[in-house]
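Asks: Have a look at the structure that comes next, please.
Where a number appears in this text, it was derived from the coordinates with a stated rule and is not lab data. Keep in mind that this is a model prediction, so the values were computed, not measured. Positions of Cβ are backbone-derived with ideal geometry, glycine not excepted, and every protein chain shown enters the neighbour counts.
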C-alpha cells in the first residue's frame, strides 16, 4: 500500500489482511496501535477496500471493546482532513518541508519549537492523545510546545454492574435536580457510554506513543482503584514496566472515594518508591458527570490525609478543582487552600484557562499555592471542539497582563520541567 508522503521514517504499512486480522482479533485491550497506521494510507482505493473488508467484522463483533476498535479503524479510513503545512518525522515530530530541505539531517524538534516560541520550554501537562499523529504534532509545533504529558484512562462500563457502585450512583443521582425529569436507568446508559468511548486510551497505547516520540512525550498510566488489590498491583506493575512517569486518576468515573479507598495507600507507596507523579481529575466530569452530585468523589478535600502522610509524592489536581458547567470554579478555593498547606500539591489549568484572566483569582493564587506549582495544560483535543487552538491558548497566556514575565515562564513550562526532570 502507498504511504502518505507527509509521514517520514515510519516502517512499511502492514498488508490489508493483517490490518483486518489485528483490528478484529487482537486482544480487546489493544486499542490505538493499528489504528494509528491507518492514517498513513495514501491511496483512496486501498482505503475503500479496507473499509469493505472491515465492515462485516463490525457487525459480527460480540466484545464491545473490539467493536469500538473497528469503529476507530473505520473512522481513520474515512478521514479526509487536509494534511496541512507540516511533515511528520518518526521520533522527531512535525516540521515544515523547508526545514527538512535545509537540514543535512533531521533537526531537533524541541529546539525548533523553542526557537519558534521564544519561551523554552513550553509543556502541556494534560493531553488525551485522541487525534492522529500528524494532526497532534502539527498542533503542538504550531503552538511552540516542546513537550506534552499524555494520559491513559482506566475506566470500564462493567463497573456499573457492581451492586455497590450502582446503589451509590442511584442515591447520589436522586439528590440532583435532573432526577425529576430523567429516569435513573436512562442516566446509567449515558454514564455507561461515557466510560468507554471510541477514543479510550490504555496504558499500552500511551507507552506506544512515548516510544515513538521519546524526546517530546511523557506518559502517565492509569489504574482503577475501585478494583481488587490484585488488579491494582497488576496495573501498577504494568505502569512501572512500561516506564510511565505518573498515574492519572478519575475518582468520579472510577467510582472510588480517595479518603476511604484501601488501595490509596498502595498507590502512594508505589509513587514514593518510583518517584511517580499523581494527576487526579478534580472538579465535575464531562457529560453525565457535569452533575455535581455525581462528581463528589473528585472533591480535593478527600486527599488531605494522604497529602500530609506522603509529603514527597507530588499530587496534581487537574482543572484546578474549578471545572464545572453549572458552577464554574466549583472547588477552586479548596485546591488553593490545600496548596497553601502542602508543598506537594500542584494544579493544572486544563479546561480552566479563564482562571488567569480573573484578577481576584491571580491574587489568590499568589497568596496561597503560588505560581511555582501551577502547570499549563489544555485538555487537548477538547479545546479544538470549541474552535480554540493550542496556539491561541499559548498566545493568550504569553499576552496575559496580570502575570509577570517570570510567572508566565514558570506556568508555561519551567514548573513542569522541574517536576518531570526534563533536561
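Asks: Could you work out the mean projected area of the convex hull around the alpha carbons of the range 1-105, in square nanometres to one decimal?
Replies: 7.1 nm²
Asks: Using label points projected 7 Å from each Cα along Cα→Cβ, tell me how many nm separate residue 158 and residue 64, to one decimal.
Replies: The modelled label-to-label distance comes out at 1.1 nm.
Asks: How many angstrom lie between the Cα centre of the range 129-194 and the Cα centre of the range 369-394?
Replies: Here the two parts' Cα centres lie 19 Å apart.
Asks: Once every DSSP H run of n ≥ 4 in the chain is given -39500 (n - 2.57) and the sum is divided by its residues, what mean residue ellipticity at 222 nm do you get, rounded to the nearest 500 deg cm²/dmol? Present the calculation step by step, with values, prior to reporting the outcome.
Replies: Working: 20 runs with 184 residues, N = 423.
My calculation for the chain gives -12500 deg cm²/dmol from helical runs alone.
Asks: Still on this structure: For a quick check: sort 233, 142 by the number of other beta carbons within 10 angstrom, fewest at the front.
Replies: The fewest-first ordering by Cβ neighbours comes to 233, 142.
Asks: Quote the relative contact order of the chain in percent (integer), defining contacts as alpha-carbon pairs under 8 Å separated by 6+ residues.
Replies: Computed value for the chain: 14 percent relative contact order.
Asks: Given R₀ = 22 Å, FRET efficiency for residue 96-residue 389 by Cβ-Cβ distance, to 0.05?
Replies: Efficiency at R0 = 22 Å is approximately 0.80.
Asks: Rank the residues 282, 271 as a footprinting-exposure proxy: fewest other Cβ atoms within 10 Å of their Cβ go first.
Replies: Result, fewest neighbours first: 271, 282.
Asks: Oh, and also: Taking the Cα atoms of the range 127-420 alone, what are Rg (to one decimal) and Dmax (as a whole number) in Å?
Replies: Values for the range 127-420 (Cα only, Rg and Dmax): 18.4, 53 Å.
Asks: Using the count of nearby Cβ atoms within 10 Å as a rough guide to exposure, how do 1, 264 rank from fewest to most?
Replies: The most exposed by this proxy come first: 1, 264.
Asks: On alpha carbon coordinates alone, what is the Rg over Rh value for the range 176-257, Rh being the Kirkwood radius?
Replies: Across the range 176-257, the Cα-based Rg/Rh ratio is 1.10.
Asks: Still on this model: For residue 243 paired with residue 26, estimate the spin-label separation in nm (one decimal), with each label point 7 Å from Cα along the Cα-to-Cβ line.
Replies: Each label point lies 7 Å from its Cα, and together they span 2.1 nm.
Asks: Given R₀ = 25 Å, what would the calculated FRET efficiency be for residue 8 paired with residue 33, taking r from the Cβ atoms and rounding to 0.05? Intermediate values should be presented prior to the final figure.
Replies: On the way: r = 20 Å, r/R0 = 0.79.
The pair residue 8/residue 33 has a calculated efficiency of 0.80.
Asks: Could you calculate the FRET efficiency of residue 78 with residue 180 from 1/(1 + (r/R0)^6), where r is the beta carbon distance between them and R0 is 45 Å, rounded to 0.05?
Replies: 0.65
Asks: I'd like the distance separating the alpha-carbon centroids of the range 238-276 and the range 285-354, in whole Å.
Replies: Distance between centres, Cα-based: 16 Å.
Asks: Rounded, prolate or oblate for the range 185-326? Axes are the square roots of the Cα gyration tensor eigenvalues, ordered a ≥ b ≥ c, and the cut-off for rounded is a/c under 1.5.
Replies: Because a/c hits 1.5 or more and a/b fails to exceed b/c, the range 185-326 counts as oblate.
Asks: Quick check: residue separation of residue 231 and residue 343 times 0.36 nm, minus the Cα distance between them. What number comes out in nm? Can you show the working numbers first?
Replies: Numbers: separation 112, 0.36 × 112 = 40.32 nm, distance 3.07 nm.
Result for the pair: 37.2 nm of gain on full extension.
Asks: Continuing with this model, one more query. Given points 7 Å out from each Cα along the Cα-Cβ axis, report the residue 404 to residue 359 separation in nanometres with one decimal.
Replies: Label at residue 404, label at residue 359, 1.9 nm between them.
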